[in-house]
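Participant: Pasting a structure below so you can have a look.
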Amino acid sequence: MSEQRMDERQLRLEPVTPDNLDTAIGIEVAPEQSRFVTPVVKSLAQAYVYPEAAWPRLIRDGDRAVGFLMAFLDIDWRGDGSRSDVRSGLWRLNIAADEQRRGYGAFAVRAVAEEIRRRGGSRFYVTWEQGEDGPEEFYLRLGFRKTGELSGEQIVGVLDLGEAG
């Protein structure tokens with residue numbers, strides 16, 4: 001899609017509320033991607049359990065819900081309480097099967113990058129599972145690089161956002 005046509009759309013993120021909960025839960029990826037993506041309902045349960053870190057948002061194009069994302073913000077990556085490695089990034093990204101390849105995923109990544117910068121961050125992390133139909137090429141195309149780390153069995157990627165502020 002051309003840059004001009006992308007700008008004409010009304011892309012925005014919207015908090016998940018009681019009014020749009022069913023819409024958010026109804027977002028489903030393509031069947032071949034389902035092994036790589038956690039269902040929205042589980043993401044929202046995790047957001048409830050980790051409210052200090054989770055940032056769930058519905059992705060809208062005008063009045064249409066086209067996807068869901070959940071960022072993690074300022075988490076203690078090591079989990080040891082030291083906060084020696086605090087990170088922010090994309091926890092989940094679900095673009096509806098019939099809305100893919102239209103720039104919504106890239107919009108979601110840019111929106112999370114803006115939120116991380118707004119909060120003073122300069123690095124954007126993401127994890128993914130490798131495999132056919134997986135998201136690795138998408139993230140690498142957007143400029144993420146593999147860190148060499150694993151989170152569980154997932155690859156850890158990072159995007160340098162430059163100096164914050």
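Participant: How much accessible area per residue does the chain have, in Å², with a 1.4 Å probe?
Facilitator: Numbers: 9550 Å² over 165 residues.
I get 58 Å² per residue for the chain.
Participant: While we're on this one: For segment 55-81 and segment 97-165, write down the distance between their C-alpha centroids in whole Å.
Facilitator: Cα centroid of segment 55-81 versus Cα centroid of segment 97-165: 12 Å apart.
Participant: Let me ask something additional. Assuming 0.692 mPa s and 37 °C, estimate D for segment 45-143 with Stokes-Einstein, Rh taken as the Kirkwood radius over Cα pairs, in µm²/s. Numbers along the way, then the final one.
Facilitator: Details: Rh = 14.5 Å.
After rounding, the answer is 227 µm²/s.
Participant: Nearest 0.05, what FRET efficiency do THR17 and ASP98 give at R0 = 25 Å with Cβ-Cβ as r? Kindly include the intermediate steps, with their values, before the conclusion.
Facilitator: Details: r = 24 Å, r/R0 = 0.95.
The formula returns an efficiency of 0.60 here.
Participant: OK, next. Could you please state how large a percent of the accessible area of the chain is carbon and sulfur, counting protein chains only and using a 1.4 Å probe?
Facilitator: 45
The values are calculated or read from the model by the stated rules, or taken from the named source; none is laboratory data. Everything quoted here is computed from the prediction, not taken from an experiment. Backbone-built Cβ (ideal geometry, glycine too); neighbour counts: all protein chains shown. Note: areas computed on protein heavy atoms with side chains; ligands, DNA, RNA excluded. Shrake-Rupley method; radii C 1.70, N 1.55, O 1.52, S 1.80 Å.
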